[in-house]
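Here the structure is laid out as structure tokens; the discussion comes afterwards.
The values are calculated or read from the model by the stated rules, or taken from the named source; none is laboratory data. In this text, all values refer to a predicted model and were calculated from it rather than measured experimentally. Using ideal geometry, Cβ is built from the backbone for each residue, glycine included, and neighbour counts are taken over all protein chains shown. We work out accessible area using only protein heavy atoms, side chains counted, and drop any ligands, DNA or RNA first. Shrake-Rupley method; radii C 1.70, N 1.55, O 1.52, S 1.80 Å.
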Amino acid sequence: MTTKSSTTLSMLQQQDINGILHPASSISQITQNGPRIMQSASGVMVTDTEGRQLIDGVGGLWCVNIGYGNQALAAEMARASEQLAYFHTFGGASNEAQIRLAQQLLKRVPASLGKVFFGCSGSDANDTLIKLVWQYHMLRGNPAKVKIISRRQAYHGTSIATASLTGLSSFHRHFTLPQDFVLHTSPAFYYRDSHDNESETAYSERLINELETLIEQQGAENIGAFIAEPIMGAGGVITPPSGYFERLQACLKKHNILFIADEVVCGFGRTGHWFASEYYQLEPDMMATAKGITSGYFPMSAAFISDTIWQTLKDHSVQTGGLAHGYTYSGHPVGAAVALKNIDLLEQQGLISSSADVGSYLHQQLHIALSDHPHVGEIRGLGLLAGIQLVADKASRSFFNPADSVAAKVAAEAYKLGIIVRPLPSVSTLALSPPLCIRRKEVASLVSNLAIAVQKVLG
């Protein structure tokens, strides 16, 4: 990467360096090269302060489902701010927007879910569900069921608890994590981890046998829940092999272990369905959502629980008192109003079905442009969610050394060509999750320029 001199950095860039600690960023690289500063955005296009216009192939961070600069959504935010800018939801307080939002969400989530708790981010949604897992089992006389099983390669957040669930070593090594209530098992990564001539169903059975062994070793009486993304996001856009979730859910039910679906990335139309749980026929006891709930226009999350869990909490509420959990901004009236309008627009503009249709075109074009490249091992995903697996050697399915930053180098070249893609360094994967309003001609430009970037870096 070319290093800029301090004299070529803009005043804004220098002020950023002097004052801001960035998330998920290299301090040394920002100090040397300055940050990329975004100035404006509309539809699928983002403009930076250098005047460069780019197709945002990542939708912010998997979240700008409705697209940028939506005037109807902005107007609703202004209206809601004027009507009720804020009021808390502690002590039984509520507001019309969160009540209406809960009704609309519960019509669309899996039928196994019956109540919702509002927060601000995917991390806090998963934090909330962990605590409710513990309280639920404790109230039912099983206080030892505190361990949570997650998967290596998974991403579930960056708080102390959810970073522990996250199965990426970079989120652990400098933070004395993971905490000891978390157990990790293998991800369902068929391309990388399957044996020669092993079918997807046989591979899935092997993974469930591994899980059964872990449960036997730890004792089912000590395990409260299992958490999984329907499609792994930051871990590599990894789709599950045939039979995996069917066998997984049967295993968990047998051992009285709750199933948490993390739909933070996959939810709200990203996969061509309201939720990926629908596509994979999941019946979670709990579900975490965020990101696309407001298309990133307002920080908000929604954590869902089953009626069975709700009833247990209700039955013991006289003894336990108020729920000892919550956030200042839980059920924020402006956020709830934005989420309601976002849901309306997703439906009115047909963006869920468009995600399926244009998503199919995206995957078709990716296969045409890249599947024969000697360093592209696999193209994964569903709807407007895609991952391009870069490999050192296609025949042996050998991966690049993460230290070589191959995916990051391709993403940097792509930026020069006017497109934004996301490098996932742990598995040398390029992620795509553009706004659901993207059109075929924009997909064609995105894919053709990505192919050029891959060619420039990998030949």
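Remarks
- Once segment 192-220 is narrowed to residues that are of a type in the set (D, E, K, R) and part of a helix (DSSP H, G or I), the residue that is farthest from Gly383 (Cα to Cα) is Glu216.
- The sole residue among Gly114, Gly91 that is of a type outside the set (Lys, Arg), in contact (Cβ under 8 Å) with a residue 24 or more places away in the chain, over 13 Å from Ile293 (Cβ atoms) and open to solvent by 30 Å² or more (accessible area, probe 1.4 Å) is Gly91.
- Taken together, the residues in segment 137-168 that are over 17 Å from Ala228 (Cβ atoms), touching a residue at least 12 places away in the same chain (Cβ under 8 Å), open to solvent by 10 Å² or more (accessible area, probe 1.4 Å) and of a type outside the set (D, E, K, R) amount to 7.
- Residues in segment 319-338 that are of a type outside the set (Val, Ile, Thr) and either part of a helix (DSSP H, G or I) or open to solvent by 60 Å² or more (accessible area, probe 1.4 Å) (or both): 9 in all.
- Residues of segment 276-318 classified as open to solvent by 40 Å² or more (accessible area, probe 1.4 Å) and outside any loop (DSSP other than H, G, I, E, B), total: 11
- Residue check, Gln179 out of contact with any Gly (no Cβ under 8 Å at 6 or more places or on another chain), part of a helix (DSSP H, G or I) and open to solvent by 20 Å² or more (accessible area, probe 1.4 Å): no
- Count - residues of segment 339-368 that are in a helix (DSSP H, G or I), within 18 Å of Arg439 (Cα to Cα) and open to solvent by less than 60 Å² (accessible area, probe 1.4 Å): 14
- Among the residues making up segment 221-275, those that are open to solvent by 10 Å² or more (accessible area, probe 1.4 Å), small (Gly, Ala, Ser) and assigned to a loop (DSSP other than H, G, I, E, B) are Ala234, Ser242, Gly243, Gly272.
- Residue match in segment 138-147 (condition: over 23 Å from Ala188 (Cβ atoms), part of a helix (DSSP H, G or I), over 18 Å from the mean Cα position of the chain (by Cα) and modelled with pLDDT of 95 or more): yes
- Scanning segment 422-443 for residues that are part of a loop (DSSP other than H, G, I, E, B) and open to solvent by 10 Å² or more (accessible area, probe 1.4 Å) yields Cys437, Arg439.
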